[in-house]
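Please read the structure below before turning to the comments.
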Amino acid sequence: MNSKARYHQRRLADVAAALRQARTQTGREQRPRAQLAEHQQQRLEAVVRHAATHSPYYRRRLAETGALGNGPVQLQHLPVLNKALLMEHFDELVCDPRLRRDQLLDWAGQLTGDQLYLDRYRIMLTSGSSGRPGLFVYDPAGWRSTCAQILRTSSWAGLRPSLPRQRLALLGGAAPSHISRQGAATMAIGLHRVLSLPVTLPLPQLVQALNQFQPTYLHVYPSVAMWLADEQQAGRLRLSPQMLVTIAELRTPEMTQRLTDAFGVHPFNAYGCTEGLWGAECEHHQGIHLFEDRTLVENVDPDGQPVPAGQPGARLLVTNLHNLVQPLLRLEVTDLVTLDPDPCPCGRTLVRASTIHGRSDDILSLAARDGGRVSVHPLQFALLTRDPQVREFQVVQDGPTLRIRIVPSQAVTADDALETRLGQAIAHQLLGLGVHDPQVTVERRQELPRSAGGKLKLVIADPAIQPVHSNAP
């Protein structure tokens, strides 16, 4: 069998296994929480004991903390991992001694297509949208679990195999090491027609490719979806998607309405990270159900203590229950999430994130009128997303000054008083939050910088300013 045939056979096996897993997972979604907890504990026991046996890092850390005794594994007693520790101790954390951080980083940087390391492992780099890039490895079983969650997300939006085949347009990262590219390559086995496009393509090329392909299912970052909405309403983009899914960035209610108006369908929102946590909106669009049967999730405060449902946390701790080559136990993810205390009308018992406020390192700290500090969340800049003259924006903190970078819509002329109007509106918003003497400048840009994964970081806080932890949304 030649290499091309082996490649296709491997993808067929991956998708077949993922489809079976997705069906099994779907069958568990409405079971009582007690049954879910039993399943979670079984998987946690397997992953932790595997890590203690095969990972030198975890063998040492679990012994130091005394977290692994003769009784059941208790999640809250396991040591917390962050990306800095992950990268520093990568070589001793992984369970295959052939995997070495520097070699993998070099190899991933030279990828030109959908290739496996040692003909076995998928190597993925995070884009570093949080400022700390990460290196992640999946073996075949772990990757199939990830693909099952991708399939589950798309099925919740209504995607099913059909004749004629559905046409999937997947807009994501540019680098072959990005999970969006590797996922798209795996799924392109013929079940659906698949078009994978990097969001770094010039907008006219994206429009041309989409017009030619005419996707029935469009999967895209929210910021890029807003570009496409403008193009659709201007008549340059002419799509009639049956399903629209956004992922990986903050999506405000104002953005949701603009997308609905432009494409005539209510967009679904999804959550996915290379670390292993995935989730999706159900048909009621009342928050994102997290797939906690595959990855445990803890919503914690700045001190690492559990946050009650209904209150926003400072970060998430995620434990991947199916990655056995790179155990990720209580890994910090800096997303600010509020979990909904009420059951969802859909009947699924999976925990639901009613609000994702952004990342903790997206929160700005500004001087308050009372002499203290005010925390300003990204959602406070939603007025920019509902302004029809703003295609996209980015807020950069420079000491006490906020520099608002905007890409105006094509209908805006150079003579429009856009900068003055937006600057005054943002200053008024900040005054209402209690900020002392807001300093705001607005700058027009032709384009905004994106991460290697193609994501737009909406807010860039000044690293010299200590953030204020707040539960205010």
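Some notes on this structure:
- Just one residue in the set L86, L99, L111 is more than 29 Å from R20 (Cα to Cα) and either assigned to a helix (DSSP H, G or I) or open to solvent by 40 Å² or more (accessible area, probe 1.4 Å) (or both); that residue is L86.
- Check on P438, touching a strand residue (DSSP E or B) at 6+ places or on another chain (Cβ under 8 Å), buried (at least 18 other Cβ atoms within 10 Å of the Cβ) and not hydrophobic (A, V, I, L, M, F, W, C): yes
- Taking the stretch 168-240 as the region of interest, the helices (runs of 4 or more DSSP H) fully inside it that hold 3 or more residues being open to solvent by 40 Å² or more (accessible area, probe 1.4 Å) are 203-213.
- Counting residues in the stretch 337-352 that are surrounded by fewer than 20 Cβ atoms within 10 Å (Cβ to Cβ), over 29 Å from the mean Cα position of the chain (by Cα) and of a type in the set (G, A, S) gives zero.
- Tallying residues that are under 22 Å from L402 (Cβ atoms) and assigned to a loop (DSSP other than H, G, I, E, B) within the stretch 336-372 yields 5.
- Only one of the numbered conditions (1) more than 19 Å from A248 (Cα to Cα); (2) of a type in the set (S, T, N, Q); (3) touching a residue at least 40 places away in the same chain (Cβ under 8 Å) is not met by Q424, and that is (3).
- Boolean, R152 is open to solvent by 30 Å² or more (accessible area, probe 1.4 Å) and not hydroxyl-bearing (S, T, Y): no
- R59 of a type in the set (K, R), at pLDDT 95 or above and open to solvent by 30 Å² or more (accessible area, probe 1.4 Å): yes
- For the condition over 22 Å from S180 (Cα atoms) and at pLDDT below 95, R28 qualifies.
- Single condition A37 does not satisfy, out of (1) free of Cβ contacts under 8 Å to residues at least 60 places away in the same chain; (2) in a helix (DSSP H, G or I); (3) more than 24 Å from G272 (Cβ to Cβ): (3)
The values are calculated or read from the model by the stated rules, or taken from the named source; none is laboratory data. Note that the coordinates shown come from a computational prediction; the quantities given were computed from them, not determined experimentally. Please note: Cβ atoms are built from the backbone with ideal geometry, for glycine as well, and neighbour counts cover all protein chains shown. Just so you know, the surface numbers come from the protein's heavy atoms only, side chains and all, with ligands and any DNA or RNA stripped out. Shrake-Rupley method; radii C 1.70, N 1.55, O 1.52, S 1.80 Å.
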